[in-house]
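> One structure is given below, represented as structure tokens, and several questions about it will come after.
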């Protein structure tokens, strides 16, 4: 099963505009999309990161609608 493009932690951090350390901490807490270790490097499927970002927007819109 192929997941498409795999992103390394620095690439994930760049897309989220967070530090690598913050991304690693979020991964450790289980607060980001699933990751795996491939060839000794922590990676995340690009499609999983995109789904995570979309879910954050949906969650934000829902909480905004409930507050307003």
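The values are calculated or read from the model by the stated rules, or taken from the named source; none is laboratory data. Just so it is clear, the structure is predicted and the values come from calculations on it, not from any experiment. Quick reminder, even Gly has a Cβ in these numbers, built from the backbone with ideal geometry, and neighbours come from all protein chains shown.
> Would you please name the residue that is farthest from residue 4 (Cα to Cα), looking only at residues in segment 16-52 that are in contact (Cβ under 8 Å) with a residue 12 or more places away in the chain and loosely packed, with under 15 Cβ neighbours inside 10 Å?
Taking the candidates together, the pick is 41.
> Can you find a residue that is at pLDDT below 95 and not in a helix (DSSP H, G or I) anywhere in segment 49-58?
no
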